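Take a look at the structure set out below.
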Amino acid sequence: MTNSNEIDEISGTNTTGHEWDGIRELDTPMPRWWLYTFYITIIWAIGYSILYPAIPLLSGNTKGTLGYSSRGELADSITAAQQGQSQLRAKITASSLQDIKADPQLFSYAKAGGQAAFKVNCVQCHGSGAEGAKGNPNLNDDDWLWGGSLDAIYQTISHGIRFEQDDDTRTSEMPAFGRDEMLEPAQIDQLTTFVMSLAGKEQQDTSSTGAKLFKDNCASCHGDKGAGNRDFGAPSLADQIWLYGADKATIVQSIHNSRNGVMPAWSHRLDELTIKQLAIYVHSLGGGE
Amino acid sequence: MSEQSFIEKFEVTAVNKDGSQKLFQAPKKIYPKRVEGTFRQLKWVIMTLTLAVYYITPWLRWDRGPFAPDQAVLVDIANRRFYFFFIEIWPQEFFYVAGLLIMAGIGLFLVTSVWGRVWCGYACPQTVWVDLFLLVERFVEGDRNQRIKLDESKWSFSKLKKKFLKHSAWLFIALLTGGAWIFYFADAPTLARDFFTFNAPLVAYTTVLILTTTTYLFGGFMKEQVCTYMCPWPRIQAAMLDENSLVVTYNDYRGEPRTAHQKQALASGEPVGDCIDCNKCVVVCPMGIDIRDGQQLECITCALCIDACDGVMDKIKKPRGLISYATLFEYDKAMAGEPVEQSVPILFRPRTLVYSAIWALAGLSMLFVLATRSRLDVNVLHDRNPLAVQLKDGSVRNGYTVKILNMEPKQHKALLKFDGLANAKMRLEGMKGQVFTAGDLVSLDLEPDQLHVLKVYITIGQSHLPNSDQDFYFHAEILKSKEQHKTNTKFHLKK
């Protein structure tokens, strides 16, 4: 460090004393308004700290006199948005599902709302794309256990399936043929082979033991040709969609223990509007009837 | 031994002992004097032009038919469109604006390397508005000496009246400036009506308020402080200038030694330069500097000192150009006593050629893209979750969202098809019961200047399923203009 009081000849201002290869740094005074700008920011900061949440305390923080919070702001904007959409929402609540579907504006609003509600309430079982999983149906396809019309979907969402707490829930019970010793293991094996032939996965003609067992034990719900019956939520055994899997072991297991999947009823938890929106959304996934 | 010897004496100097060391500096008020001359004329012309362009542009009309606004220049943020006369830009075409900014930047480099800081001196809004504010100030309070006197005088009714008048006029101009800005973002006549009936959106009033304040502060009070301390351009331009760039130069080889008493000096046989040290060049300078000290950061090369000095040279019957636009190269030559031709900027040197090339490349490629751009676009979004859906009969279905962009403000009939996928069937949401196979044309009505969204399902039967995922495409064509667009996508077999 050289003497910091050294004055630069050309500019007449002080130098900082820093020198690199003979070049010295000038210590030009800042303009005074710059200082004032700094003071203004300090005053601003004080005002801000009073008005808005600012200072962290041992638990929580100061709230500010304006009572602002980003969570509150979000709630306000959601309320404002809902108020802006109140006409649409009232119309959806009042209209039939068919009318909603026919009106492009109502349909697109209901579909978007349904998608949002689906992401919150349904994805845990049905998956984020409604693609389903073992035991939880894929809602994109055209296979419906209890019906794929708007009304049937609405009914299912409202009251659930085999959901005991809801009096209007739709229910059925497949017997556990093996566990309850209604059929011998050998019989279940033969039956399974026949069931698999219904969907073209095995060859077995209709005069076989398996066919007879099917006629006696299964056809009352699943139909003579295994086409299923939606009144009982009995799945079609003749199509390519298998909720629990199409391999032999899984089907044996299904016959042995039976399958009685449960879906909760939502009418207790969601309002009419949301359920309608959900029905519209699920119906619009590509398999709606 | 005195008591004092028990007390230790420290070797220290108080930090504020050095009186010359000031941390902050109050600005000195500058009173630029009125001046006549070529460059002053030029500045009036440019000021009128730039202000006219700024204030009038939003009011120009341009007919685009019933489906688009008729404002020639409009940044329609709410509807995400930008209109510039015959050009309409959608948000995804914003690269045109990026291109324009590149051209503006490179153009500024080019102009600076040839003509120095002409942007600062003539066209910069800060310069233009400060000039306008000074004009008002001079009109109300008089020229330099009167203004100095007025500021020094005690407060009186006439001083108060003058100050009030000046600030009202400044505020009025500032309000007009801030006010004009918002008209670029909405239909000007409608917004003007709404603005004065207090029906305009809040953002319009806040924008006007902020811009009015900044214009008033920057134009009336900050003035040269903005250029010297706030603007980065004076710093950057130091790297842009070279020995062939025109800068305002005091030709000291001709002017020095300066003296205010030429006759005395001549009589006593001393050497005498052309500069009579009248300080006219200093008093006219809006930056308040002395150009005779050489090139300075503060100099915006407005050339008013040239006008001032030329006037003085005319009066004392000496040749003009004691202060002139000159390059460092010319100055050095003249310094060495070599003949100098009239200052002509050297246009063609590697630096300017490179700048021009980049500038032209950006401009031409944008022109090319603009001239050949399609006003029809098709985006295909494959459903991602699930990618594929197996149906009851074993067939596989894929879902797509097809977005057709009709970027013209005209109603159009268009045909959509998919092709390149054998044995596939297409269904569209909202068109119940209609099934299309590859190559079949779906007739669509495209709304003007709108996005047309279709939900499309494509299904391939179990017996026809390909062995692997298949590439295919959607194709749209506008019936009338034959404009078409093809977008490739994929058919997936598994979810």
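Where a number appears in this text, it was derived from the coordinates with a stated rule and is not lab data. What you are looking at is a predicted structure, and each value in this text was computed from that prediction instead of being measured. Please note: Cβ atoms are built from the backbone with ideal geometry, for glycine as well, and neighbour counts cover all protein chains shown.
According to the calculation over all Cα-Cα pairs in segment A:33-137, the P(r) per 10 Å bin from zero is 12, 21, 21, 18, 16, 10, 3, 0 %.
For the modelled label position 7 Å from the Cα of A:Ile23 along Cα-to-Cβ, which residues of segment B:266-302 have backbone nitrogen atoms closer than 19 Å? The answer is B:295-298, whose backbone nitrogens lie closer than 19 Å to the label point.
Other residues whose C-beta falls under 10 angstrom from the C-beta of A:His18 contribute a net charge of -2, scoring Lys and Arg +1 and Asp and Glu -1. Cα extents for segment B:242-335 along the principal axes, largest to smallest and rounded to whole angstrom: 41, 29, 20. Note on segment B:27-69: Cα-Cα pairs beyond 13 Å make up 71% of the total pair count. Straight-distance candidates among the aspartates and glutamates for linking to B:Lys392, with alpha-carbon spacing under 17 Å and chain neighbours fewer than 8 residues away dropped: A:Glu131, A:Asp141, A:Asp142, A:Asp143, A:Asp239, A:Asp247, A:Glu289. So what is log10(I(q)/I(0)) for segment A:6-55 at q = 0.23 1/Å, when the Debye sum runs over its Cα atoms only? Once normalised to I(0) and log-transformed, intensities are -0.82. Relative to the longest principal axis of the Cα atoms of chain A, helix A:104-121 runs at roughly 90 degrees.
Each part reduced to its alpha carbon centroid, segment A:207-257 and segment B:191-233 end up 77 Å apart.
Computed from Cα atoms, the angle from the helix B:157-182 axis to the main principal axis of chain B rounds to 20 degrees. Amide H contacts for B:Phe491 (H built 1.01 Å from N in the peptide plane; partners 5 or more residues away or on another chain; cut-off under 5 Å): B:Gln470, B:Asp471, B:Phe472. Full extension of the chain segment joining B:Gln41 with B:Asp469 gains 146.8 nm, where the gain is 0.36 nm per residue of separation less the Cα-Cα distance. For A:Asp271 and B:Leu451, the FRET efficiency from 1/(1 + (r/R0)^6), where r spans their Cβ atoms and R0 equals 22 Å, is about 0.10. Overall dimensions of chain B, expressed as equivalent-ellipsoid semi-axes from the Cα gyration tensor (√(5λ), whole Å, largest first), are 66, 28, 28.
For the protein assembly as shown, the 222 nm mean residue ellipticity estimated from helices alone, with every DSSP H stretch of n ≥ 4 adding -39500 (n - 2.57) and the total spread over all residues, rounds to -12500 deg cm²/dmol.
Measuring r between the beta carbons of B:Leu165 and B:Asp63 and using R0 = 45 Å, the FRET efficiency lands at 0.55.
Between B:Asn488 and B:Asn145, full extension at 0.36 nm per residue minus the direct alpha carbon distance yields a gain of 115.9 nm. With all projection directions averaged, the alpha carbon convex hull of segment B:322-392 covers 11.6 nm².
In plain terms, the C-alpha convex hull of segment B:38-218 casts an average shadow of 13.9 nm² when viewed from every direction. By the compact-protein rule of thumb, 2.2 N^0.38 Å, the alpha-carbon radius of gyration of the protein assembly as shown corresponds to a ratio of 1.49. Using θ = phi - 60° in the Karplus curve 6.51 cos²θ - 1.76 cosθ + 1.60, the 3J(HN,Hα) couplings for segment B:323-329 round to 10, 8, 6, 8, 8, 4, 4 Hz; x is entered for Gly and Pro. Any idea what log10 I(q)/I(0) is at q = 0.22 Å⁻¹ for segment B:353-495, Debye with uniform C-alpha scatterers and no solvent? Relative scattering, expressed as log10 I(q)/I(0), comes to -1.32. Size of segment A:120-177: Rg and Dmax of its alpha carbons, in Å, are 12.3, 38. Remark: C-alpha extents of segment B:172-262 on the principal axes read 67, 34, 23 Å, sorted largest to smallest. Basic side chains Lys and Arg get +1 at the Cβ, acidic Asp and Glu get -1 at the Cβ, and with that the dipole of the protein assembly as shown about its Cα centre reaches some 2320 debye. When the alpha carbon gyration tensor of segment A:224-289 is reduced to an equivalent ellipsoid, the three semi-axes, largest first, read 29, 16, 11 Å. Pairs of lysines in chain A whose Cα atoms sit within less than 24 Å of one another amount to 22, provided the residues are eight or more positions apart or on different chains. For a straight C-alpha distance cut-off of 20 angstrom, the lysines reachable from B:Lys482 (same-chain residues fewer than eight places away being disregarded) are B:Lys403, B:Lys410, B:Lys413, B:Lys417.
Placing a pseudo-label 7 Å from each Cα along the Cα-to-Cβ vector at B:Glu93 and A:Gln124 gives an inter-label distance of 4.9 nm. Put in line by how crowded their Cβ is, counting other Cβ atoms within 10 Å and starting with the fewest, B:Met335, B:Met103 read B:Met335, B:Met103. The alpha carbon gyration tensor of segment B:83-147 gives principal lengths a ≥ b ≥ c with a/c of 1.5 or higher and a/b no greater than b/c, which makes the shape oblate. Roughly speaking, what % of Cα-Cα pairs in segment A:185-257 are separated by over 16 Å, rounded to a whole number? In whole percent, the share of Cα-Cα pairs in segment A:185-257 beyond 16 Å is 42.
Global dimensions of segment B:48-133 from alpha-carbon coordinates: Rg and Dmax equal 16.1, 47 Å. Among A:Trp44, B:Trp62, A:Trp20, the order by Cβ neighbours within 10 angstrom, fewest to most, reads A:Trp20, A:Trp44, B:Trp62. Rg over Rh for chain A works out to 1.39, both radii taken from alpha-carbon positions and Rh defined as the Kirkwood radius. The share of C-alpha pairs in segment A:92-215 whose separation exceeds 26 Å stands at 45 percent. In terms of distances greater than 32 angstrom between alpha carbons, the cross-link table entries B:Lys33/B:Lys317; B:Lys22/B:Lys223; B:Lys28/B:Lys333 yield B:Lys28/B:Lys333.
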